[in-house]
1. Taking the range 511-564 as the search range and keeping residues that are part of a loop (DSSP other than H, G, I, E, B) and buried (at least 18 other Cβ atoms within 10 Å of the Cβ), which one is nearest to the chain's Cα centre (by Cα)?
2. Determine, yes or no, whether Thr305 is open to solvent by less than 10 Å² (accessible area, probe 1.4 Å), farther than 30 Å from Glu463 by Cα and either modelled with pLDDT under 95 or among the β-branched types (Val, Ile, Thr) (or both).
3. Return yes or no: is Glu207 in a strand (DSSP E or B) and surrounded by fewer than 17 Cβ atoms within 10 Å (Cβ to Cβ)?
4. Out of curiosity, is Glu354 under 29 Å from the mean Cα position of the chain (by Cα) and touching a residue at least 12 places away in the same chain (Cβ under 8 Å)?
5. All but one of (1) crowded, with 16+ Cβ neighbours inside 10 Å; (2) not assigned by the TED database to the domain that holds Leu439 hold for Ala217; which doesn't?
6. Sort out which residues of the range 381-412 are touching a Lys or Arg at 6+ places or on another chain (Cβ under 8 Å), within 21 Å of Ser126 (Cβ to Cβ) and modelled with pLDDT under 95, and write them in order of number.
Amino acid sequence: MKHSSIIAFIFSAIYSLLTAFVLASSSNAGPFYDSTAYTECRAEPEKPLYNGGMLNEKEASVSGGDTLRGVGASYTPAYILHNLTQNTIYCFSIWVKIEAGSASAARVRAKLRSDNATLNCVGSVSAKQGCWSFLKGGFLLDSPSQLSILFFETSNDDGKTQLEVASASLQPFTQEQWKNNQDYFINTARKRAVTIHVAGESGESVEGAVVNVEQIAKDFPIGSAISKTILGNIPYQEWFVKRFDATVFENELKWYATEPHQGKLNYTFADQMISFVRANKIIARGHNIFWEDPKYTPDWVRNLTGEDLRSAVNQRIRSLMTRYRGEFVHWDVSNEMLHFDFYESRLGKNASYELFAAARELDSLATLFLNDFNVVETCSDERSTVDEYITRVRELERYDGGGMRMDGVGLEGHFTRPNVALMRANLDKLATLELPVWLTEIDISSTLDHRTQAIYLEQVLREGFSHPSVNGIILWTALHPNGCYQMCLTDDKFHNLPAGDVVDQKLLEWTTGEVKAKTDDHGTFSFLGFLGEYRVSIMYEGKTVNSSFSLSRDPQTKHVRLRI
């Protein structure tokens, strides 16, 4: 679905009082979140979001060349912000252009200096001379600030790159307002209205028939990584299967695991894990075919060059994808391409395209992904900005005039403290690719205590689930004897930790519970259900009729007609 279509769908989908209730019922409903995003450089800037919000002729702008007291360098332009409040979510956007006579292109990072803290990046964009680029982000403060400065720096850091700015906007949302907006998006993008019609043998409406509806499968997969530690561990398997309908193998498919020594292939653990997945009707992502980080490339591969390396690469992809053709719904073809370039640096700039082309040929039904970190977690990592991600996708799609049809956007999501405004802004920009987005490796840093991990995990899960472009979430929580990569959901006895409680709560909250009611005098019963597969039974005067139906994304009410 095109990004514009997604937005149109959301605004046109007020098909039920149940969805309208989400915002209208609150006396503090506040502004509606604006998902608008632009990723192409434009001749002229668009109008500011929210009509400028707090920056609509209310805040002073520091003119070009002025030195900001307390910042310690010359930055231009900047905005002076008064009386920012604690725990308010501020959404920021602006159009920027590099002035003539400066560098032809540069990454621009928005920063915030408040009374008590400096936020090094609250939004970024790759800007150019001669056209306007859209920066979108935001921030949240731990404590109130009487005086703050929102300013910009460029990646050139040469003191000569000057910026023009236009259509600046800063819109505050209280926590309640933010949640109201999330709930609205969930109700419109993740649910659909259903009307069940019950008729008798002659087609007459049947009043008083008992309708029982049960969701048996979800359209939005939520899963967790597993490792070989799940094999033979019945308590772990039972705990996992009870909760999750999607998974990914943490390490067992990676090249260093399947071929640690050249020519000596070992798929033992991967085979056993795919048998477990298949037996329990769980979908699995294939992670990964190639990892661009030399550190995680087999030692023997690092020593290859030229045609020897190319031959090894071809054998790897053919062996792996032929063996598991049809088993994995996704493949992470090139892992962390934004940060590393092992294959392109040795096989040429067209190497990435060739990898995707080979994967497409070997498993045409699998969804092919790029996968990288620090795209939605932060904007401080200049190697993996949202603009860099979008640029790489478009380069592959346009390569050599023909290009590769890209299938999916993989976002690892290894968070410390989430910036929900920035996360949502970057998802808005990624949505312009018109590709499904998956959060593929979600966890919260082990530097935080269990309670804080749970709080931040809930924020990330709500952001992902409520964004219309996100199609699934995988947690990076495979359990090992010594714990997990960063965040565990349980202890070694499978008793929930706080993060596990959050996951269980969300799995329950985002599933349609058993719905039971009687048809009205028109022989109908209506409800709002999460997208997915349903089983329905109708009971009337000793007769029972069983049927099933599915709910897919559509603004129209789903009508299910049954005769008893």
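The values are calculated or read from the model by the stated rules, or taken from the named source; none is laboratory data. Predicted, not measured: the structure shown is a model, and the values here were computed from it. Ideal geometry is used to build each Cβ from the backbone, glycine not excepted, and the neighbour counts take in all protein chains shown. To get the accessible areas, we keep the full protein, side chains included, count just its heavy atoms, and leave off ligands, DNA and RNA. Shrake-Rupley method; radii C 1.70, N 1.55, O 1.52, S 1.80 Å.
1. Among those that are part of a loop (DSSP other than H, G, I, E, B) and buried (at least 18 other Cβ atoms within 10 Å of the Cβ), it is Leu531.
2. no
3. no
4. It is false that Glu354 is under 29 Å from the mean Cα position of the chain (by Cα) and touching a residue at least 12 places away in the same chain (Cβ under 8 Å).
5. Among (1) crowded, with 16+ Cβ neighbours inside 10 Å; (2) not assigned by the TED database to the domain that holds Leu439, the lone unmet condition for Ala217 is (1).
6. Residues of the range 381-412 touching a Lys or Arg at 6+ places or on another chain (Cβ under 8 Å): 382, 385-387, 390, 397, 404-405.
Remaining after also requiring within 21 Å of Ser126 (Cβ to Cβ): 382, 385-387, 390, 397.
Result: Glu382, Glu397.
Yes/no per residue for (1) at negative phi; (2) open to solvent by 40 Å² or more (accessible area, probe 1.4 Å); (3) among the aliphatic types (A, V, I, L, M); (4) out of contact with any strand residue (DSSP E or B) (no Cβ under 9 Å at 6 or more places or on another chain):
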residue: Met273; (1), (2), (3), (4): yes, no, yes, no
residue: Asn280; (1), (2), (3), (4): yes, yes, no, yes
residue: Asp293; (1), (2), (3), (4): yes, no, no, no
residue: Tyr296; (1), (2), (3), (4): yes, yes, no, no
residue: Arg310; (1), (2), (3), (4): yes, yes, no, yes
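Conditions tested, residue by residue: (1) among the hydrophobic types (A, V, I, L, M, F, W, C); (2) modelled with pLDDT of 95 or more; (3) under 24 Å from the mean Cα position of the chain (by Cα).
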| residue | (1), (2), (3) |
| --- | --- |
| Ile283 | yes, yes, yes |
| Trp291 | yes, yes, yes |
| Tyr296 | no, yes, no |
| Arg310 | no, yes, no |
| Ile317 | yes, yes, no |
| Met321 | yes, yes, no |
